[in-house]
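A short worksheet on the structure shown next.
The values are calculated or read from the model by the stated rules, or taken from the named source; none is laboratory data. Bear in mind the structure is a predicted one, so any value in this text is a computation, not a measurement. Cβ placement follows ideal geometry from the backbone for every residue including glycine, while neighbour counts extend to all protein chains displayed.
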Amino acid sequence: MSKILFSSITKKLVMALAGLFLLTFLPVHLFINLMLLKSDPGPFNTAAHFMATFPLIRIMEIVLFVAIFVHISWGIFIQIKNWLARPVGYVSANKSETSFFSRFMIWTGATILTFFVLHWFNFYFIKIGLVPGNAEDFYSVAHKLFKIPAYDIIYLTCFAILGFHLYHAFFSAFQTIGLSTSFWSPVLKVIATIYAIVIPACFALILITLWLFR
């Protein structure tokens, strides 16, 4: 039983399910962030306050952090295990469609983790009181932050890397749970491409608008 629970296949499956949960969170986060484009701070601050105080959302927040922890820690474990099993690179690289993305997933993931820490420092840590700031007016916090060019460049770079990570994460997660048939593979590839472009691009568009036009 323990061999089944802690096998590589099980870890990949749990990691895939955790990743899919995170993929569903991003559109929700994007929808709320679109309210930053309004001239009235009320809707965004109301939504942010709701997300921070509604009991069900608080429970989902815990689930979200657990999913992030599981996805990252097991991803690192699997990558280290692969490195130890293959200490010397193959003479000829695997030319599969996802080989480029899969080879760099650990590095794009590390970049996104760094971005998460920065993002939490700028916003979440204010909410829980670890960093000074007005937790009831994240609208002003965001507008002030995205007037700083250095932050904008860092965020835009991370959004671009996020797109690469999301493409492979989306596609491989569904492959892991068994949707790698001749019918579903091309469909998932198209959906993964759209998702990996649209989500980061919309986040980037919000940032650029606040930076240059507000």
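What pairs can you find where one residue is in segment 8-23 and at pLDDT below 75, the other is surrounded by fewer than 18 Cβ atoms within 10 Å (Cβ to Cβ) and among the aromatic types (Phe, Trp, Tyr), and their Cβ atoms are less than 8 Å apart, with a gap of 6+ or different chains?
Every condition considered, the pairs that remain are Lys11/Phe77.
Within segment 167-188, does at least one residue satisfy the condition of being of a type in the set (A, V, I, L, M, F, W, C), surrounded by fewer than 16 Cβ atoms within 10 Å (Cβ to Cβ) and within 13 Å of Ala16 (Cα to Cα)?
The answer is yes; a qualifying residue exists.
Among the residues of segment 26-50, count how many are within 11 Å of the chain's Cα centre (by Cα) and surrounded by fewer than 16 Cβ atoms within 10 Å (Cβ to Cβ).
Here the count works out to 2.
Among the candidates Ser96, Ser102, which residue alone is at pLDDT below 75 and under 21 Å from the mean Cα position of the chain (by Cα)?
Sole residue among the options that is at pLDDT below 75 and under 21 Å from the mean Cα position of the chain (by Cα): Ser102.
Counting just the residues of segment 176-188 that are farther than 30 Å from Leu207 by Cα and part of a helix (DSSP H, G or I), which one comes out nearest to the chain's Cα centre (by Cα)?
Checking each candidate, the answer is Thr176.
Between residues in segment 59-73 that are surrounded by 15 or more Cβ atoms within 10 Å (Cβ to Cβ) and residues that are modelled with pLDDT under 85 and aromatic (Phe, Trp, Tyr), which pairs lie under 9 Å by C-beta distance while being six or more apart or on different chains?
Listed pairs, sorted by first residue: Leu64/Phe21; Ala67/Phe21; His71/Phe21.
Just to be sure, is Tyr124 hydroxyl-bearing (Ser, Thr, Tyr), in a helix (DSSP H, G or I) and more than 27 Å from Leu17 (Cα to Cα)?
It is false that Tyr124 is hydroxyl-bearing (Ser, Thr, Tyr), in a helix (DSSP H, G or I) and more than 27 Å from Leu17 (Cα to Cα).
Condition test on Phe159, is it assigned to a helix (DSSP H, G or I), modelled with pLDDT of 90 or more, of a type outside the set (Val, Ile, Thr) and closer than 19 Å to Phe25 by Cα? Step through it out loud before you land on a result.
Numbers: assigned to a helix (DSSP H, G or I): yes; modelled with pLDDT of 90 or more: yes; of a type outside the set (Val, Ile, Thr): yes; closer than 19 Å to Phe25 by Cα: yes.
Yes; evaluated as a whole, the condition is true for this residue.
Conditions (1) modelled with pLDDT under 90; (2) out of contact with any helix residue (DSSP H, G or I) (no Cβ under 6 Å at 6 or more places or on another chain); (3) more than 17 Å from Ala48 (Cβ to Cβ), marked per residue:
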| residue | (1), (2), (3) |
| --- | --- |
| Gly133 | yes, no, no |
| Ala142 | no, no, no |
| Ala150 | no, yes, yes |
| Tyr167 | yes, no, yes |
| Gly178 | yes, yes, yes |
| Ser185 | yes, yes, yes |
| Ala204 | no, no, yes |
| Trp211 | no, no, yes |
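Looking at segment 127-154, which of its residues are part of a loop (DSSP other than H, G, I, E, B), in contact (Cβ under 8 Å) with a residue 12 or more places away in the chain and in contact with a Phe, Trp or Tyr (Cβ under 6 Å, 6 or more places away or on another chain)?
Passing the criteria: only Phe146.
Could you give me the residue pairs with C-beta distances under 8 Å whose first residue belongs to segment 109-122 and is farther than 16 Å from Ala204 by Cα, whose second residue is at pLDDT below 85 and not aliphatic (A, V, I, L, M) wherever it lies, and which are 6+ apart or on separate chains?
Gly109/Gly75
Tell me which residues, restricted to segment 101-131, are within 26 Å of Arg58 (Cα to Cα), touching a helix residue (DSSP H, G or I) at 6+ places or on another chain (Cβ under 7 Å) and polar (S, T, N, Q).
Within segment 101-131, just Asn122 meets the criteria.
Evaluate the following for Ala173: is it over 20 Å from Ile72 (Cβ atoms) and under 18 Å from the mean Cα position of the chain (by Cα)?
Answer is no for this residue.
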